[in-house]
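Here is the structure we will look at, set down as structure tokens.
What follows draws every value from the coordinates through simple rules; no lab data is involved. Please read these numbers as outputs of a predicted model, since none were measured by experiment. Counting neighbours? That spans all protein chains shown, and the Cβs are built from the backbone with ideal geometry, glycine included.
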Amino acid sequence: MSIQIEGMSSSELMAAEREIARRHTDNFPWLSVIWSFTNLAVWLSLWPLVFFAGLPLWIGFIIATLNIMLSYLPSHEAQHDIIARPGTRLRWLNQLVGHLSTIPLVLPYRVAKLTHMEHHKHTHDPELDPDYDTHANSPLHAIWKSIVNRQPRATGGFNAYGNALARIGRPDVVLDGVIYNIIFYAIICTLAWQGYALEAALLWWLPRHIGTTYISYYLSWAPHHGGSKGRYKDTRGFRAALGNIGSMGMQYHIVHHLHPRIPLIRTPRAFREMRDILEARGCKIEGL
Amino acid sequence: MEQKQPLAFRIIGTIFYLGPLIFAFGFIAPLTSQLLSMWGYEVIAGVPAVGVGLFVALVWGSWAQWRGKWI
């Protein structure tokens, strides 16, 4: 669908943008729901398959890595109430997807949701954006920053989330992160001393690191690289080296930041329909 | 006057503060030991693989505990 935007005022552009967004909002995201449960089930099944059914550990490692890379986005849909809004019939499903999908990533839903809302409110603010520390000069630097942010006394990454939660008056939610981490480390250390260190390392510990790096790169660094504060400046459209599927739809993340309730699967179409408006607004659209 | 934190909070705080050492002895030591055994090094210079794992954990874990980073 093409829009004649020439001569439109700012408010007319906004109305046209909102009309496009409206058409793509409130579509039930079946894919995200199926994705969430299937992904978790596959990751959980790897453990008995490797321990008891002879699945080679290296195959388990590859699948587990993909599982953890895939684990964040269904929760992200839930964080934005895309599956079901508060008070609606399927709200339980929204919350279930939110809580379950990031278990392999060891990221509690409430921590993810509250800090992500802060990211949306304060994108690129060095003091208030919990994801600000993913800023980097180049792709390799972004990968390095992600690793640095995971060091014990780092100030960025998940370590920045505690400060963000304290700032918004939800230090109680930090406890979710504490509990998740204690359980995670207790499980992998127990497995390791029972003689299953390699299995723990290759089915959870290392895939979690690789997955976190991937998520940090494609869901945080790449769409915001080169941006600044402002509705039409904080996120860019870009051509990902791994394509739209390989980057999990992040080429069109700009649409998500403008209209967070559009399901992930609909953002490419919404982008194509909005493109002229985004260009008129001066958005960065690179290689698309 | 500063209020004293509950015991559970202090214990959790200590666990997280000592995270690098706990992770080193809890995970890196057995992982190193099992990797060495898998590659056929059950004993190195008279030290069993588990001893080597504990030594690696002590050195690397202490360094990470001191510097606040693994690498």
Spin-label model distance (nm) - A:S11 vs A:I59, 7 Å beyond Cα toward Cβ: 6.3
Cβ charges +1 (Lys, Arg) and -1 (Asp, Glu), total dipole of region A:19-147, debye: 460
Estimated FRET transfer efficiency when R0 is 22 angstrom, pair A:D172-A:R85 (beta carbons, to 0.05): 0.40
Most mobile of A:G243, A:G162, A:G98 in a GNM of chain A (Cα contacts under 10 Å): A:G243
Cα pair count fraction exceeding 21 Å, expressed as % - chain B: 41
Estimated inter-spin distance, A:R231 and B:S37, nm [label 7 Å along Cα→Cβ]: 6.2
Residue among A:P268, A:W58, A:N39 farthest towards the positive dipole end of the protein assembly as shown, charges placed on Cβ: A:P268
Least to most buried among A:L140, A:L278 (fewest other Cβ within 10 Å first): A:L140, A:L278
Computed lengthening from A:A241 to A:I210, 0.36 nm per intervening residue step minus Cα-Cα distance: 9.4 nm
Under DSSP loop assignment and at most 12 Cβ neighbours within 10 Å, longest GluC sites (Glu not before Pro)-free interval of chain A: A:128-288
Cα-projected label distance for A:F52 with A:R22, points at 7 Å along beta-carbon direction, nm: 5.5
Value of Rg/Rh across region A:10-162 [Cα atoms, Kirkwood radius]: 1.04
Exposed trypsin sites (Lys or Arg not before Pro) absent: longest stretch of chain A, with sites in DSSP loops and at most 12 other Cβ within 10 Å deemed exposed: A:90-228
Loop-located chymotrypsin sites (Phe, Trp or Tyr not before Pro) in chain B, at most 12 other Cβ atoms within 10 Å (DSSP): B:W39
Stretchable slack from A:A186 to A:I143, in nm (0.36 nm times residue separation minus alpha-carbon distance): 12.7 nm
Overall dimensions of region A:83-167 by Cα: Rg and Dmax, Å: 14.8, 45
Residues whose placed amide H lies under 5 Å from that of A:I285, excluding near-sequence neighbours: A:G237
Values of log10 I(q)/I(0), in the order q = 0.12, 0.26, 0.29 Å⁻¹, for region A:175-231 under a Debye, Cα-only, solvent-free model: -0.45, -0.99, -1.07
Descending semi-axes in Å of the protein assembly as shown, equivalent ellipsoid built from Cα gyration tensor: 41, 23, 20
Farthest toward positive dipole pole in the protein assembly as shown [+1 Lys/Arg, -1 Asp/Glu at C-beta], among B:F55, B:P30, A:T213: A:T213
Pairs of Cα atoms farther than 20 Å apart, region A:175-288, %: 53
Whole-angstrom gap from region A:211-273 to region A:13-88, using each part's C-alpha centre: 16
